[in-house]
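Okay, so here's the structure we're looking at.
The values are calculated or read from the model by the stated rules, or taken from the named source; none is laboratory data. Computed from a predicted structure; not experimentally measured. With ideal geometry, Cβ positions are generated from the backbone for all residues, glycine too; neighbour counts draw on all protein chains shown. To get the accessible areas, we keep the full protein, side chains included, count just its heavy atoms, and leave off ligands, DNA and RNA. Shrake-Rupley method; radii C 1.70, N 1.55, O 1.52, S 1.80 Å.
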Amino acid sequence: MTIREARLEDIPQIQVIRNAVRENTLSDPNLVTDKDCEEFLFNRGKGWICETDDQIKGFSIVDLKGNNIWALFVHPDSEGQGIGRKLHDIMLNWYFKQTHENVWLGTSPGTRAETFYRKAGWNEIGTHGKGEVKFEMTFDRWKNHIK
């Protein structure tokens, strides 16, 4: 298992994973385009992928301009292997080296993702969008949580 920075040529496999997930699914797969991925990966922030045998198993993308987690997804066939946590930690370590601004994310309530973020130290601060749970991570909370 290798974790590395995402590259332009990873976008097709990133899209496959994004559309294969069982939770936090897109109502329309065309809502997130390849150009959107490119914008968030290379202009607004940075992304990472986890791969084994040249197959991407999961990815994460953080948006420095919007101070939010744009994506963190693991292919359903690769869940429960710690991939999400590794991608999460690398992403937040990088984010907080760039800025000490709080970072936020939204996820559907009652999902494994909601439980994941609570266990990872995120603080619920309200709702976002269409009833998503809105979480926030501060620099100090992250610094203290990872010890």
Probe radius 1.4 Å, ligands and nucleic acids ignored: give me the carbon and sulfur share of the accessible area of the chain as a rounded percent. 45
Too-long pairs where the Cα-Cα distance tops 18 Å, listed order kept, from 57/86; 57/119; 35/97; 86/143; 65/143; 46/119: 57/119; 35/97; 65/143; 46/119
Send over a whole-number figure in Å² for the accessible area per residue of the stretch 103-147, probe 1.4 Å. 58
Normalising by the residue count of the chain, find the relative contact order in percent from Cα pairs under 8 Å and 6+ residues apart. 18
Give me a comma-separated list of calculated 3J(HN,Hα) values for the stretch 125-140, in order, Karplus coefficients 6.51, -1.76, 1.60 applied at θ = phi - 60°, integers in Hz, x for any Gly or Pro. 10, x, 10, 8, x, 8, x, 5, 7, 9, 10, 9, 10, 9, 4, 5
Note to self, the chain gives a 222 nm [θ] from helices alone (DSSP H runs n ≥ 4, -39500 (n - 2.57) apiece, / all residues, nearest 500) of -9000 deg cm²/dmol
Mean Cβ-within-10 Å packing, highest first, puts peptides 115-128, 34-47 in the order 34-47, 115-128
Can you compute the modelled spin-label distance between residue 115 and residue 39, with each label point 7 Å from Cα toward Cβ, in nm? 3.5
If I model a spin label as a point 7 Å beyond the Cα along the Cα-Cβ vector, how far apart are those points for residue 20 and residue 89 in nm? 2.4
Two-site label geometry, residue 130 and residue 65: point separation in nm, points 7 Å out along Cα→Cβ: 2.4
Under a 1.4 Å probe, counting only protein heavy atoms, residue 75 has an accessible area in Å², nearest 10, of 40
Rounded to 0.05, the calculated FRET efficiency for the beta carbons of residue 9 and residue 31 at R₀ = 25 Å is 0.65
Mean projected area, convex hull of alpha-carbon positions in the chain, reported to one decimal in nm², is 8.3
